[in-house]
Amino acid sequence: MRARDGGGVVTRGWKPGDVAMVYGPDEKWRICIRSITNDGWYDEDGEHDADIEVAHVRPLVVIDPEDREQVERLMAAFERARGESCFSADDKHLQAALRSLVAPPKPDEPTGLGAVVEDSDGFTWVRTHATGYPWHANLDTSNANNTAARKYADVAAVRVLSEGVA
């Protein structure tokens, strides 16, 4: 793979699994992954570009916020670059910041009776007077008896539809 970077041609040995922003022949930037067989790039729609000269390729860093080792490596690299320690060994702030980039923050739990939230799958959850598992949803609209009860921590709420009554 040859990629032009500004004024000259840069050659990089792309490996299967590498992730990059690729400016393809369609004159669009796309997030792509290098194929396992190393025969080109696949974008998020599964479209394939064979090994061609690409106008621009920018490697992307992929960090899993749930992988503590990756987060610690990022913290160490950041501290080396700054020349000073800016995180404690057990600091969870960087991990929380990375998580916030991949998922919208969960809204605070509404505590009023009859409060309604919507989850990431589009189901609505209603707060009842039950103790322990006060959030209830009908996850199968074809069967009114097929309901679920959960704690708010176990509901993937993305939006508060009603605060309920105090």
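Near LYS28, which lysines are there with a Cα under 27 Å away, not counting those fewer than 8 places off in the same chain?
Counting by Cα, and skipping residues close in sequence, LYS28 has these lysines nearby: LYS15.
Between VAL61 and THR37, what FRET efficiency follows from the Cβ-Cβ distance if R0 is 22 Å, with the result rounded to 0.05?
So the FRET efficiency works out to roughly 0.40.
So what is the relative contact order for the range 116-162, in percent, with contacts set as C-alpha pairs under 8 Å and at least six apart?
Taking the mean separation of contacting Cα pairs over the length of the range 116-162, I get 41 percent.
Which of VAL158, VAL117, VAL102 has the fewest other C-beta atoms within 10 Å, and how do the rest follow up to the most?
Result, fewest neighbours first: VAL102, VAL158, VAL117.
Taking just the alpha carbons, could you work out the radius of gyration and Dmax for the range 116-162, both in angstroms?
Calculated on Cα positions, Rg and Dmax stand at 10.0, 27 Å.
Quick check on the exposure proxy: order TYR133, TYR152 from fewest to most C-beta atoms within 10 angstrom.
TYR133, TYR152
Values in this text are rule-based calculations from the coordinates and carry no lab data. Note that the structure is predicted; figures quoted are calculated from it, not measured. For neighbour counting, all protein chains shown are included, and Cβ atoms are generated from backbone atoms with ideal geometry for every residue, glycine included.
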